[in-house]
Amino acid sequence: MDQSPPSRHAVTFVLLTVLLDMVGFGLIIPVLPGLIEEVGGIGLADAAKIGGWMFFAFSVAQFVCSPLMGNLSDRFGRRPLLLLAIAGLGLDYLLQAFAPNLVWLFVGRIIAGVCGASWVIANAFITDVTTPENRAKYFGLLGACFGLGFVVGPAIGGLLGSFGPRVPFFVAAAISGLNLIYGYFVLPETLAPANRRRFEWRRSNPLGAFAVFRGYQGVLPMCGVLFTYFFCSAIYPAIWPFWGMAKFDWSPAMVGLTLAIFGLVMAGFQGGLAGPAAARFGERRVVLVGLITAVLGLAGYGFAWGLVPVVILMVVHGPEGFVHPMLVAMMTKNVPADAQGELQGGISAIMSVAMLAGTVFFSQIFGYFLAQGGDYAPDIAFFVAAGGMLISLAMFMIWVPAEEREQ
């Protein structure tokens, strides 16, 4: 397949767009537990359970709509779909900022899920403007933008939370608005008319999206690994703020600080080391290392006794950030140019199903054992997640063909 060298400007635009999106998303995480408690008039254990169901609503909406967005981008181009996703996130933040009850918080999360496919379109953008050999590097840079967003966003959100749990939502809405304006004027279209294909509803429904994995050799086994990995990783958005508050009595500012540190570590690994690591050791070996450190990190948090070991563990499982971009890069090599949007939509569907199931699962485990009391009750969910991540590691070692891992 002939493909021109990466467009520096196109890549820069997409990376900045994703960065701003993630800053807005990260702003609200430290204050979400407090907002749920305030709006619902409930305690932390119940807020954790409701927070899990809110993420479930978000993920269901994303599961249903992400394949549609990916296929629409294959037909009409990346630019209009990415702008729509940004606008939807801004509306979500405003709804949550003004929410008078829990119902409106759920409505906002559903809207965010419907339009929260910016990363799907961004991945397709990167695929459009890079060669197969360089995609691991650029997917790593994309992951670094996610990480940097979690450096800036939670840190600011934690500080803004001292003025009230709704304030960060207003700021996040403003950031989304600026991002929309920026994208409208400078974001280029990268999908050439020759690479567009006819839109088909059959390929755009959430179950039909999985057909892309059956149609290309070597993709389906990696999907199984990715699903299990995302299911276990869902513990972080599901319980991290609640866990920190319950176990260490963290304030929203401290929650934001820990998320900022975690984002900085991930940005360093994904942005600075993903490309060199893939070139030096091969994508499959890097995935193996990432999964091993993911197991160690999850188990370690269950035994952590304070902020210092938590920060050390964040560095230890930093290579986990390689898993997603490397697996995506591996899959794109087996899919033609006119189906890359469909592939990204299918990957998003996998991620959404895994995250929605994992978030509800781990938030309910956390809430149940927290309500029961006990010195180590908040940690049980981490031990369960570590066992599940070990299964993901075993799946990768068994299901990915040996000749693939040795490349």
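None of the figures in this text is laboratory data; all of them are computed from the coordinates on show. Everything numeric here is computed off the predicted structure, so don't read it as measured data. Every residue, glycine as well, gets a Cβ built from its backbone with ideal geometry; the counts of neighbours run over all protein chains shown.
Details
- Backbone geometry of the stretch 230-235 corresponds, through the Karplus equation with coefficients 6.51, -1.76 and 1.60 at θ = phi - 60°, to 3J(HN,Hα) couplings of 5, 4, 6, 5, 4, 4 Hz, x marking Gly and Pro.
- Relative contact order of the chain, taken over Cα pairs closer than 8 Å and 6 or more residues apart, is 29 percent.
- For the chain, built as a Gaussian network whose Cα springs stay under 10 Å, the top-fluctuating residue of 302, 41, 275: 41
- P(r) of the stretch 278-337 over all Cα-Cα pairs, binned every 10 Å from zero, in whole percent: 23, 40, 23, 11, 3
- With R₀ fixed at 30 Å, the C-beta to C-beta distance from residue 303 to residue 398 puts the FRET efficiency at about 0.60.
- Taking a straight Cα-Cα cut-off under 17 Å and skipping sequence neighbours fewer than 8 places away in the same chain, the lysines within cross-link reach of residue 49 are 247.
- Phi angles across the stretch 35-50 convert, under the Karplus curve 6.51 cos²θ - 1.76 cosθ + 1.60 with θ = phi - 60°, into 3J(HN,Hα) values of 5, 5, 4, 5, 5, x, x, 10, x, 5, 4, 5, 5, 5, 5, 5 Hz, Gly and Pro given as x.
- Note on residue 333: lysines with a C-alpha under 28 Å away, same-chain residues under 8 apart excluded, are 137.
- Residues 21, 249 arranged by fewest to most Cβ contacts within 10 Å: 249, 21
- In degrees, nearest ten, helix 252-267 long axis to first principal axis of the chain (Cα): 30 degrees
- Euclidean distance of C-alpha centroids, the stretch 222-257 and the stretch 118-188, integer Å: 19 Å
- Likely footprinting exposure, 305, 119, 399, fewest C-beta neighbours within 10 Å first: 305, 399, 119
- The alpha-carbon atoms of the stretch 83-130, seen along their principal axes, cover 46, 13, 11 angstrom, with the largest extent given first.
- Residue by residue, the stretch 272-284 carries 3J(HN,Hα) couplings of x, 10, 4, x, x, 5, 5, 5, 7, 10, x, 4, 5 Hz when phi is fed to the Karplus relation 6.51 cos²θ - 1.76 cosθ + 1.60 (θ = phi - 60°); x denotes Gly or Pro.
- Packing order of peptides 344-350, 165-171, highest average first: 344-350, 165-171 (average count of other Cβ atoms within 10 Å over each peptide's residues).
- Anisotropy class of the stretch 111-151 from Cα gyration tensor, a/c 1.5 cut: oblate
- When the helices of the chain are scored as -39500 (n - 2.57) per DSSP H run of n ≥ 4 and the total is divided over every residue, the value at 222 nm lands at -25500 deg cm²/dmol.
- Crossing angle, helix 167-186 versus the chain [Cα axis fit, 0-90 degrees, rounded to tens]: 10 degrees
- The stretch 1-131: equivalent-ellipsoid semi-axes (sqrt of 5 x gyration tensor eigenvalues, Cα, Å): 33, 14, 11
- Amide H contacts of residue 99 (H built 1.01 Å from N, under 5 Å, at least 5 apart or other chain): none
- Centroid-to-centroid, using Cα positions, the stretch 275-292 and the stretch 17-94 are 30 Å apart.
- Kirkwood hydrodynamic radius over Cα pairs of the chain, then Stokes diffusion coefficient at 10 °C and 1.306 mPa s, in µm²/s: 76 µm²/s
- Here each label is just a point 7 Å from Cα along the line to Cβ, and for residue 249 and residue 196 those points are 6.0 nm apart.
- Label-point separation in nm, residue 311 to residue 131, each point 7 Å along Cα→Cβ: 4.2 nm
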